[in-house]
Amino acid sequence: MVNKGYWGWLKIAPIWVALMSGSFSLIREVVGYYQPEHTDPKPLFRLLGWTCFFISAVIAWIIKQRELVDEKAKNARPEITGEILEVYFQPTAALSKVPVLTDLYITIKVYLVNTRPKQTTIKKYALMVNTDEGEYYAEETPIDGDLRLKREQRHQVILGLPASKIEPVLDELPGLGHQRHIALTEGNGREGWLRFVLAEVALDTTKIQEGITTLTIVDAFGTQHKITAYPPFNRTGELVSHDMEEIHESVKESKKEKEKLKAQLEELKKLKLIINTDHQSEVRINRHWNVPVMVGVEQSESDEWHITAHLRMQLENNALANVLVKKLEASLVRKTKREEEKGMPKTKTSLIPLLGIEELVRHEVLAGRMTEQYWYSYEVDIPARYVKRLDSTCFLRVTMEAMRQPPSSIDLDVDWEEAKIKGTTFLTPRK
């Protein structure tokens, strides 16, 4: 570790050089001028050198003592520094006789720290905004308990795979005003919020919001400490009223519920597809066999599996007008680990009415009526390599398209393991 006291004595050197090259050099020249034949320059130089060294040491000691006195005087008073972290401006209607004026509330987040050993409490906070038009002085006002900082927060969620989600959060504003009586000690920082108001300023507060903001802290000894922030100011969110935010959220939820009910009502007014899953609709699965072309050759297993679904369905028209059925089709759909739906290749095909049953496609369902129950068949061949994908993530989707309404679907679960073992299984509504 460097001894600062030791190195402080090096100040003797420049003082000694200054004296030897200044007034003492003049003494040496005068003596040599008037007594040149009796004067030996070496003893005179040594005498003057040691004299200058002694005087330099005294001067350096005096300077050092003054520095110590000044340092002691500085440490006898606190020194508060810090940073203005965030600044928010909120113009509001001013209850004054002049309708073109507004009250501008300024809320700041600050960090304060005392850098000296002397402890102190806070006597007063003041805020000044310096603009091209002049200086504005704001008065401190209490922070409303209803005031919150609304910001977005990212957090991890698990949806098959880890993912990030952003949600709004409301943070309380811990005020510094009520901590004035708590002493600021050396090195212990303090962070919090302060709120000020500029009363009855012009409606256009753009210049003020772009001005240089200076916070003045008056300590218990009456000393002023200033912290300045320059635009653009940092902001991590927006200031909102907690009660108003709850009202807004309630209104949003009401709107969502209203939209949901409206969607349900619209759904009731449409042509609806109904599939009977009460041990009637079923799925069959079996493997194709290659038929031999020569007598005496045994059949061999094919590379394809045949899937057949028998669906008992009917249509219910809740609309105010007759509705024409455009298309009925089905497909096999898988849900991936990322919760994405993907159709299995070449499994989407139209439903086929069973023999002797009236075709529903291109059939107009009368308004307010329900049709009889019809039997339809879904048949598809899939490669053997796709059979292992037939598990709980794979389901049957039946889709109906009708005039004047978007396509609607019904998803049905299949117990594929039972179907592979027994050859058949019943369909159930997808959970």
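The values are calculated or read from the model by the stated rules, or taken from the named source; none is laboratory data. This one's a predicted model, so the numbers in the text were calculated from it and none came from an experiment. Cβ placement follows ideal geometry from the backbone for every residue including glycine, while neighbour counts extend to all protein chains displayed. Each accessible area value is taken on the protein alone, full model and side chains, heavy atoms only, with ligands, DNA and RNA left out. Shrake-Rupley method; radii C 1.70, N 1.55, O 1.52, S 1.80 Å.
Condition test on Glu167, is it more than 25 Å from the chain's Cα centre (by Cα) and part of a strand (DSSP E or B)?
Taking the combined requirement at face value, the residue does not satisfy it.
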Could you please give the count of residues in segment 373-410 that are over 29 Å from His306 (Cα atoms) and open to solvent by 40 Å² or more (accessible area, probe 1.4 Å)? 3
Could you check segment 58-99 and list, in sequence order, the residues that are at pLDDT 80 or above, assigned to a strand (DSSP E or B) and of a type in the set (A, V, I, L, M)? Ile80, Ile84, Leu85, Val87
Evaluate the following for Glu267: is it surrounded by fewer than 13 Cβ atoms within 10 Å (Cβ to Cβ), under 23 Å from the mean Cα position of the chain (by Cα) and not aliphatic (A, V, I, L, M)? no
Within segment 114-160, how many residues turn out to be at positive phi and over 30 Å from the mean Cα position of the chain (by Cα)? 1
Filtered residue count, segment 299-344, keeping only those that are outside any loop (DSSP other than H, G, I, E, B) and out of contact with any strand residue (DSSP E or B) (no Cβ under 8 Å at 6 or more places or on another chain): 0
Per the filter on segment 100-122, residues surrounded by fewer than 17 Cβ atoms within 10 Å (Cβ to Cβ), assigned to a strand (DSSP E or B) and not aromatic (Phe, Trp, Tyr) are Leu101
Being over 30 Å from Thr81 (Cβ atoms), assigned to a helix (DSSP H, G or I) and open to solvent by 90 Å² or more (accessible area, probe 1.4 Å) is the requirement here; does Lys262 meet it? yes
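Just name the residue that is least open to solvent (accessible area, probe 1.4 Å) out of those in segment 323-372 that are of a type in the set (Gly, Ala, Ser) and farther than 20 Å from Asp411 by Cβ.
The extreme case among them is Ala367.
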Taking segment 389-405 and the residues there that are of a type in the set (D, E, K, R) and more than 41 Å from the chain's Cα centre (by Cα), the one that is modelled with the lowest pLDDT would be Arg404
